[in-house]
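Worksheet: the structure to be examined is printed underneath.
Just so you know, all these numbers are worked out from the coordinates, no wet-lab data involved. From a predicted model like this one, the values you see are computed outputs, not experimental measurements. Using ideal geometry, Cβ is built from the backbone for each residue, glycine included, and neighbour counts are taken over all protein chains shown.
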Amino acid sequence: MPWPKNYPALLRRARNVTQLPIAVGFGISLPGHVSILGGLADAAVVGFRARFRIERATANNSGEAGN
């Protein structure tokens with residue numbers, strides 16, 4: 001998924017309508033993405049990338065066990 005260029009504008013709009021903490025979780029896959037969010041979002045959620053790596057590692061390990 002490409003990085004949405006309008007994240008900073010969307011986060012500023014969200015800040016104008018709520019005082020709740022704001023977390024961003026879509027499109028976060030690189031350290032630079034988190035850097036861009038600094039000061040705009042209160043949290044970055046990176047669960048999908050972690051899940052993807054765990055699934056890939058599990059698949060690789062189960063393939064080795066059969067050899």
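Structure notes:
- Taken along the Cα-to-beta-carbon direction at a fixed 7 Å, the label points for A59 and Q19 span 4.7 nm.
- Per-residue Karplus couplings for the stretch 33-47, computed as 6.51 cos²θ - 1.76 cosθ + 1.60 with θ equal to phi - 60°, are listed in order as 4, 5, 4, 5, 6, x, x, 9, 10, 8, 8, 10, 9, 10, x Hz, Gly and Pro entered as x.
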